[in-house]
Each structure stands twice: as C-alpha cells, then as structure tokens.
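Participant: I have a structure here, written as structure tokens, and I will follow up with some questions on it.
Derivation of every value follows stated rules applied to the coordinates shown; laboratory data play no part. Just so it is clear, the model here is predicted, and its values are computed rather than measured. Positions of Cβ are generated from backbone atoms using ideal geometry, with glycine treated the same way; all protein chains shown enter the neighbour counts.
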Amino acid sequence: MTTPKPNRPLKRETLADRVSADITERILSQELPGGTALPTEPELAESYGVSRSVIRDATRLLAARGLVEIHHGKGVFVTSSQREGFADALLLALRRDNATAWDGEEFIDRLHLLAVSLATANATDEEIDRIDDLGKAFLDALDSTENISSALDIEEAVQAAQTANFRVRMAVFEATHNKVIQHLAEPLLSLRRLRLLDFTQILETLEDREGIEALRKGDHDFHAALMTCLRSRDPKRAFTTLWKHIQFQLPPEAMETLKNTPIGESPHIVLSSPLPESLLEQMKRSSDG
C-alpha cells in the first residue's frame, strides 16, 4: 500500500513558534489581559528554558500578530484590542480586491438590519435607552441644518450629523453582544464616515430644498421605527419594519461616485440633481405607513 504524501511540506515548528503559541494561549485565555507587561527577556528565557534569541523571535511573532507591542526601553506589553489591527487588515484586503465605497455602503446597510434584530433580543434596557439618547442627539444635529442657506455651512453641519449618526450605529452594533459583528462594524462605519456631500448646486431651487427636508424627515421616521423595533423585543420586526427605510435609491450621481471611489478614500459627492420622484414617493409611503 502506498503511503500518502502531504500536498505541501509540513511546517517545522521552531522553539520560537512553541513559545509564541504558549504565550498566545495565555493572552487569549485572559491570563495575560490587555495592558499587561510580559516578563523581561531573561525571565522568559529562564522560564521556558530557551535562549534569549528564541524569546526575541517569539516576541516578534507575537508583535506581527498584533498581540503585543514592543516599547523600546520599557518592555513588551499585551495589546488592549485587536480591532485596530483587524481594521487595517480588512481595509488592505478590500483594497487589493478593488472594493469600492459602494461595496461598503451596501453591506453596512444590510448588516445594520441584522444588528438591530440581534439587539432586540440581546440589548439591555440601559443600552436601548442610550441608543435612543444618541439618536435624539443625531436628529438635533440634523435639524440644525434647517435654516442654513450656505452650502458650505450645510456641508459642515451634515458632517457633524454624520459623526452623531456614527455613534448611534456603533451603539446598536455594540448592543448585539456579538463579537464578530462588533469587529466588522467599527472599521466599515469609519470608512462610511469619509464621504463629503456637496450641496452647492441643488440649493439653487426650492424643489431641491424640499428634497433635503424630505431626507431629514426620513431620518426622524427611521429613528422612531428603530426604537419601536428595539423596545418590541421582537427580532423579526427589524426586517419587516426597517427594510422600507433603507431601500431608497440615492441620486444617480451619488451612486456613481461611490461606485468609482476605492474603499478607504473619501467620496466627494456633488449632488447635482433633485431627489428622484420615486425616492420621495417611497419616503412618503414609509412615513404614512
């Protein structure tokens, strides 16, 4: 009988690999929590019965995985969070695959529905109250644009509102108590915050101003629907109640800009056309319903 051969050479585990694997397990088990200083190089060498060069190699492996940070002259410390490293790796992978800002836009909207569904089941009452408070702060920031006529001032106010909206969405994702969603949400939401909206052209007509008012009302309606879902404690309501609020089509120039902007860069969206009648009709039906 022929002895099967491996498809590829098996990795030879070095002493450094073994030491780093053991320390990794101690970090993952919280035996070494974030912020903890590792023992000194001589202490680790004595503890593991290896040379100091092996400990240096093991430390480099841990640092490459984002598990420790080396502060020269101070020591080696366990990192407090993997999210920053994960965000960098995710963005790099998406950029190498030619992902666009539109890919992120589509995904985060769908992920938000799932997050609300999970939050209705898993969030505490205090977390739901906090989402409500943050949502009201966002709406206040949005309403501050009502009497602004300068396009530049509106852009600045909208940026402030987007920051407030970021806090609302992050609170929803945190309230899911799902670690996978939490790790995905923060970097993707941060990328979405990069957009720049230019209102210069559409402020020239009354009709377009009315369109902006319709968008503002849509955000008020969405927050009311969101809180209804969360307080109902019915996970299914997120998909039946909120779907109609996220399926609106952006103006063509906005969609085109997002599709032509690499993910991670700031889409500069110049709104040049009125909001589509189909969008305004959808928003009216959503509000009436």
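Participant: Arranged by the count of other C-beta atoms within 10 angstrom, fewest first, what order do H223, H268 take?
Facilitator: H268, H223
Participant: Next question, about the same structure. Using a ≥ b ≥ c from the Cα gyration tensor of the range 107-147 (square roots of the eigenvalues), is it rounded, prolate or oblate, where a/c under 1.5 gives rounded and otherwise the larger of a/b and b/c decides, a/b for prolate?
Facilitator: oblate
Participant: Further question on the same structure: Does the range 15-78 classify as rounded, prolate or oblate by the C-alpha gyration tensor (a ≥ b ≥ c root eigenvalues; a/c under 1.5 gives rounded; else a/b over b/c gives prolate, otherwise oblate)?
Facilitator: The shape class here is rounded.
Participant: Give me, ordered by chain and number, the residues 5 or more places off L32 or on other chains with an amide H under 5 Å from its own placed amide H.
Facilitator: Close amide H contacts, sequence-distant or interchain: I27.
Participant: Could you tally the net charge around Q162, taking each other residue with its Cβ under 9 Å from the Cβ of Q162, Lys/Arg +1 and Asp/Glu -1?
Facilitator: Spelling it out: positives minus negatives among the neighbours equals +3.
Participant: Can you list the residues, at least 5 places off or on another chain, whose amide H is less than 5 Å from the amide H of V68, using H built in the peptide plane?
Facilitator: A63, T79
Participant: Tally Lys/Arg at +1 and Asp/Glu at -1 over every other residue whose Cβ is under 15 Å from the Cβ of Q182; what's the total?
Facilitator: 0
Participant: Quick one: which residues, 5+ away or cross-chain, put their amide H under 5 Å from the amide H of V270? H built at 1.01 Å from N.
Facilitator: The list, which skips near neighbours in sequence, is D198.
Participant: Related question: Through the Karplus equation 6.51 cos²θ - 1.76 cosθ + 1.60, θ set to phi - 60°, convert the phi angles of the range 181-198 into ³J(HN,Hα) values in whole Hz; use x for Gly and Pro.
Facilitator: Once θ is set to phi - 60°, the couplings for the range 181-198 become 4, 5, 5, 6, 5, 4, x, 5, 5, 5, 5, 5, 5, 6, 5, 10, 9, 9 Hz.
Participant: Shifting gears a bit: Listing R192, R65 from the residue with the fewest other Cβ atoms within 10 Å to the one with the most, what is the order?
Facilitator: Starting with the residue having the fewest Cβ neighbours, the order is R65, R192.
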